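A quick write-up on the structure given underneath.
The values are calculated or read from the model by the stated rules, or taken from the named source; none is laboratory data. A quick note: this is a predicted structure, and the numbers were derived from the prediction, not measured. Here the Cβ positions follow ideal geometry from the backbone for every residue, glycine too, while neighbour counts run over all protein chains shown. When the accessible area is computed, the model is the full protein with side chains, heavy atoms only, and any ligands, DNA or RNA have been set aside. Shrake-Rupley method; radii C 1.70, N 1.55, O 1.52, S 1.80 Å.
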Amino acid sequence: MAFTRSLVSLLAVLATTGCAIAAPSSNHPRNQGGNGQGNNGNGNGNGGNSGNSGNSGNTWASQWQPDANGVVHYGYNASFGSGFNNATQIRLAYRGCDGMSVSFATNSRQDQPQVKYGTSNTSLSSTAMSTVSITYETSPKWENHVVLEGLQSDTTYYYQVCDGPILSFKTARCAGDMTPYSVAVVVDLGTMGEYGLRQNMPSDISNALKAGELNTIQRLVAQSSDFDFVIHPGDIAYADYWAKEQITLGSNLTIQDQILGYNVINEAFFDEISDVTKHKAYMVGVGNHEANCINGGYKQYTEAICVAGLTNFTEYKARWNMPGDGSPTNNFWYSFDVGMTHYLIFDTETDLPAPYHGADVVGGTESMNEANVGSYSNAQVDFIKQDLASVDRSKTPWVVALGHRPWYAAASGLFSDGLSVFEPLFTAGNVDIVMHGHVHLLTRTYPVWENGTVQQKNYTEPKAPVYLINGAAGHYDGLDSVATPYPGYVAFANDTMYSYSKLTFHNSTHMSHAFMASGDNHVIDEVTIQKTH
Ligand SMILES: [Fe+2]
């Protein structure tokens, strides 16, 4: 069993600092096979476990006893021992320019998750608390969400979760602040190392990491002074790739493999990325690999093998606390301002209005049969219309929209329903930049509108959005091949390098985008847009 190899290192990481330690609770979903989902306090709760995949009653928890070889499998309470309960996987998200959401994982539920903070690292004089401590079936952790409010903008704060180390972050610049800054964008990332992108990958996997190359997570850490925050619109941890890993290793899939494998990959990724997310706001959107335990299916297996807690974006809903109106859609579509830019995060995976379908819902192209999130079919579209109509371009002249799945790219398998639904909204809303991933390559378009019509072949005073696709952050499967000949709207494409994107806003009329090589940080392609708003 390959996944057991990481248990020792994971447990070593866990045994560090302490939060409140809760006694083992019969109410914990891990102890209740028929009651799968905790309430997350944000309205994102999922329904109870209907007991699929043979896990009804109290069987699914009890089967996670140590096996005949004494191996305690991940996902079982006892694997975490007792007497410690640390805060790990700290994640920040902007909450306006006067707040910061701090999310973190613990091994037991916290009655009152709390964060101490202040502007001096020797005096954390304030404390923020919440009651949001949530989990889901098969999760080894509880997700805790606390929001720090009433902060000063563009200011460094020091903070501490439980008894962990004192960390720091910087709050966002308010809308109207025209100070130049940069933001990093990554899509299609996944874990790096033993269960992800690495050197010496299986022979059917292309684009192994080259000797001496930094991967994208390492690059984000190394270049952290180059950008203020990070946006990651979808395909985050790729924990649903446990099945492919197992099959590559020659195993048949079992429910045990599912829980063990999913959790090991998930935990590994969020441990790795926390080197970024505990210092920088990390604003996420949803992708297909957040949907369920097996990305809809792999080979002869389908999503029917997934236990309820690993379906319907449950992990994604529990883990994140993006800004919004407090509804279940918070992590799926929302907007925020930083300095001279308005950012709109939209959702290509669910919640398109009839007759169109989000890719991952019933009727969608991915056959995942998951559920919409909004309270009615036009909820997302109505939000986008209202949001774009309310942008104050005197304060945020630049508008950037980010969603996972592209309808323009030098690639096959483009998202035609997204073209039909979103393009008219973005053109009418005078969106400047649209960013996607999903296809593991790079594409920069000319300003383009009206079903692929090139509006002009330069970047001076464009009247249509420029599309920037970068799904090359470094997933285990490697890079995709560009589709040739390129469509006429494609100005640049590349399928040879792992990459992150860097947007730089110079002033109200000039901004730049660069595809940066993760391996050595050279600029692969750069464009500057000049636009008077
Ligand atoms: Fe994707």
Task: Residue list for the stretch 354-367, filter: crowded, with 24+ Cβ neighbours inside 10 Å and among the charged types (D, E, K, R) - done: Asp360
- [ ] Find the residue count for the stretch 445-466, including only residues that are part of a strand (DSSP E or B) and either open to solvent by 20 Å² or more (accessible area, probe 1.4 Å) or within 16 Å of the ligand (Cβ to nearest atom) (or both).
- [x] 4
Open item on the list: Against the conditions (1) charged (D, E, K, R); (2) part of a loop (DSSP other than H, G, I, E, B); (3) more than 16 Å from the ligand (Cβ to nearest atom), where does Asp477 fall short? Just the number, please.
Closed with: (3)
Open item on the list: Go through the stretch 168-194 and report how many residues are under 23 Å from Asp271 (Cβ atoms) and open to solvent by less than 20 Å² (accessible area, probe 1.4 Å).
Closed with: 10
Open item on the list: Yes or no: the stretch 418-430 includes at least one residue that is open to solvent by less than 10 Å² (accessible area, probe 1.4 Å), at pLDDT 95 or above, in a loop (DSSP other than H, G, I, E, B) and away from the ligand (no atom under 15 Å from the Cβ).
Closed with: no
Task: Among (1) on the phi > 0 side of the Ramachandran plot; (2) open to solvent by 20 Å² or more (accessible area, probe 1.4 Å) - the single one Asp351 does not satisfy - done: (2)
Task: Test: Gly285 is touching a strand residue (DSSP E or B) at 6+ places or on another chain (Cβ under 7 Å) and more than 22 Å from Asn378 (Cα to Cα) - done: no
